[in-house]
Amino acid sequence: MNIENITKKLSESHGWQAKYREIMLFGKQLPELPEALKVGSALVSGCDSKVWLYVDLDESAQQLVLIADSDTRIVKGLLAIIIAAYAGKTPEQASQFSAYTLFESLGLISHLSPSRGNGIRAIVDQIQMQANRLA
Amino acid sequence: MTDIHSLRDDFPILDKSLNGQPLCYLDSAATAQKPNKVIDVIKTFYQAENSNVHRGLHTLSKNATNRYEAARETIAKFLNVSAKEIVWTSGATESLNFLAHGLSQALNENSKIAISPFEHHANIVPWQEACKRTGAQLLVLPMLENGVLDEAGAISLLQTHKPDILSIGHVSNALGNIHPIESLIKACKTLGTKTVIDGAQSFMHLRPDLVALDCDFYVFSAHKALGPTGVGGLYGRYNLLNTLPVYKTGGEMIQEVTFAHSTYRDAPGKFEPGTPNISGVIGLAAAVDYLNNISPSALQRYERALYQSLLQQLNQIKGVTVYGDTQNNVGIVSFNYKNEHHYDLATLLNTYGVAVRSGHHCAQPLMNMLNVNGTVRASLAFYNNEADVEHFINALKATIELLD
């Protein structure tokens, strides 16, 4: 699943219910994290739902590798979008990348609000921090 | 007395549409909506009456002071207590912190504090901290398997341990259960246990008579009872209240200050340093005036009928689990659907204009005991109607279709 595909699908769905249906379908395509990796140290704090996130570097390709899962369908779908957006980027490219602009263009900006119930911003911040560390 | 059905028109926000959907507000347990009368009183105060209280000799200040102290009379009358027994705070959370601070001064490592398993974090953490400071032990009353307080077990636990303090919510914010506090308070009387009632969720729905209840302390928040945010208070039986140590210090609460020593006024003055939330207090009084125009029995009858209708329609949806006491309830349904996450349900309900709360409702220990990580909570007030219930049920059915 690539970001062009995601953008196309979301732009073709009208109304919030249709958008959320697509988002949940994106989530279904994301492989489920093995139970052994669903550990407290991988949890992103600041999320109302549980989000496990691993960010690593493929040394040979110098590309970020992201693995993530959530116990909610909608957040898992949003994770699929975030992972597609960062996939194949070098840590430097990821540091420059604005997930905010992406979510704005997808019409999903409300999900990046810093409100208590929403941890998407926390996830993006975490990825940026790890990308900076790996850069 | 007013017809309950027509009261909805007094709440301007209920006419709003969001994202092209009419608002279906079912989150009154988080905060109640405000009637025009409350909004107007606050607006007029700042436009024409704003002044500090207890300080000036000028007319505005005298008028503001009169309104501010009249508000104390209004709340006291509503709760059937004396005005000097009402202390203003920023809300129920601050009231509980104040009481945990004050009442724990007399505790030591032999002391015990009892709470219920249904408590909001605001009625757990201040007592935990009090236990840390004093070495006292925190006891938790037992719960039945169906999410209802075990009344007999609770009384027997109180009799066995004879705790110094019982602090319990009148109504569970997460489930809506009305707890049998009358019998618990009665048992505490014979044991010398001081009773603190968290009235945040009962103040508006049940309008408790504190003389009949006979509790020692009762805390409340204005915003859960049609009033503004950031203000609330507590009732304290005067002889107990006046012996509590000061909590916050500053101007206005003193009798005399020298660099060596200060003496304080009597309660409630000694607990209210600094400039208070004047417009908030006046707004709360307007909210109580508004409630005073509604017959309490008619209000409760209306809310109960609406709750029964909501509950019955919800129970007809296969896969829905409702938690808590569905017999004695102020009008809250706390539920899950199959294994779906409450976050997904609430997010999708929002796309239909339905405002509900999802999560642990600041009651994580209760959620653990119910073996869930959270629920969806729809909470009613008298300004809701059958159309809201229908809107919610239709939105829930559509949401389920989207998920199944």
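Can you count the Lys pairs in the range B:40-292 whose Cα atoms are under 15 Å apart, with each pair 8 or more apart or on different chains?
Final tally of qualifying lysine pairs is 9.
Within 10 Å of each Cβ in peptide A:10-20, how many partner chain Cβ atoms are there on average? Round it to a whole number, please. It would help to have the intermediate numbers written out before the result.
Details: counts 0, 0, 0, 0, 0, 3, 8, 7, 2, 1, 8.
Counting Cβ atoms of other protein chains within 10 Å of each residue's Cβ and averaging gives 3.
Can you give the FRET efficiency for B:E49 and B:A212, using 1/(1 + (r/R0)^6), R0 = 35 Å, r = Cβ-Cβ distance, to the nearest 0.05?
Working: r = 36 Å, r/R0 = 1.02.
My answer for the efficiency is 0.45.
What's the FRET efficiency of A:L37 with B:L139 using the Cβ-Cβ distance as r and R₀ = 45 Å, to the nearest 0.05? Can you show the working numbers first?
On the way: r = 39 Å, r/R0 = 0.87.
Plugging the Cβ-Cβ distance into 1/(1 + (r/R0)^6) gives 0.70.
Quick one: if you stick a label point 7 Å off each Cα along the C-beta vector at A:M1 and A:Y54, how many nm between them?
The two pseudo-label positions are separated by 1.9 nm.
Using the Kirkwood formula on the Cα atoms of the protein assembly as shown, what hydrodynamic radius do you get, in angstrom to one decimal?
Value: 25.7 Å, from the Cα pair sum.
What order do you get for B:59-72, B:215-228, A:62-75 when each peptide is scored by the mean count of other beta carbon atoms within 10 Å, highest first?
Values: B:59-72: 16.2, B:215-228: 27.6, A:62-75: 20.6.
Output ranking for B:59-72, B:215-228, A:62-75: B:215-228, A:62-75, B:59-72.
So how strong a dipole does the range B:40-292 carry about its Cα centre when Lys and Arg Cβ are +1 and Asp and Glu Cβ are -1, to the nearest 20 debye?
On the way: 20 positive and 23 negative charges, 86 e Å.
Rounded to the nearest 20 debye, it is 420 debye.
If you stretched the chain out fully between B:D266 and B:L60, how much longer would it get, using 0.36 nm times the residue separation minus the C-alpha to C-alpha distance? If you can, show how the numbers build up before the last one.
Numbers: separation 206, 0.36 × 206 = 74.16 nm, distance 2.57 nm.
Roughly 71.6 nm would be gained on extension.
Using only the alpha carbons of the range A:11-124, what is the convex hull's orientation-averaged projected area in square nanometres?
Details: hull surface 29.9 nm².
The directionally averaged projection comes out at 7.5 nm².
Would you mind computing, in nm to one decimal, how far apart the modelled labels at A:E104 and B:K318 are, each placed 7 Å from Cα along Cα→Cβ?
A separation of 4.8 nm, rounded to one decimal place.
Which helices, counted as full DSSP H runs in chain A, have an axial Cα extent of no less than 18 Å and a Kyte-Doolittle average of -1.0 or above?
Numbers: long enough: A:16-29 (20 Å, -0.76); A:73-86 (20 Å, 1.79); A:120-134 (21 Å, 0.03).
Membrane-span-like by this criterion, though nothing is claimed about a membrane: A:16-29, A:73-86, A:120-134.
Calculate, for A:S45 and B:N394, the FRET efficiency according to 1/(1 + (r/R0)^6) with r their C-beta to C-beta distance and R0 51 Å; round to the nearest 0.05. Write down the numbers at each step before the final one.
Details: r = 36 Å, r/R0 = 0.71.
Plugging the Cβ-Cβ distance into 1/(1 + (r/R0)^6) gives 0.90.
Using only the alpha carbons of chain B, what is the convex hull's orientation-averaged projected area in square nanometres? Walk me through the numbers before you get to the answer.
Details: hull surface 84.2 nm².
Seen from a random direction, the Cα hull of chain B projects 21.1 nm² on average.
Values in this text are rule-based calculations from the coordinates and carry no lab data. Note that the structure is predicted; figures quoted are calculated from it, not measured. When we count neighbours, we look across all protein chains shown, and the Cβ atoms used for this are built from the backbone with ideal geometry, even at glycine.
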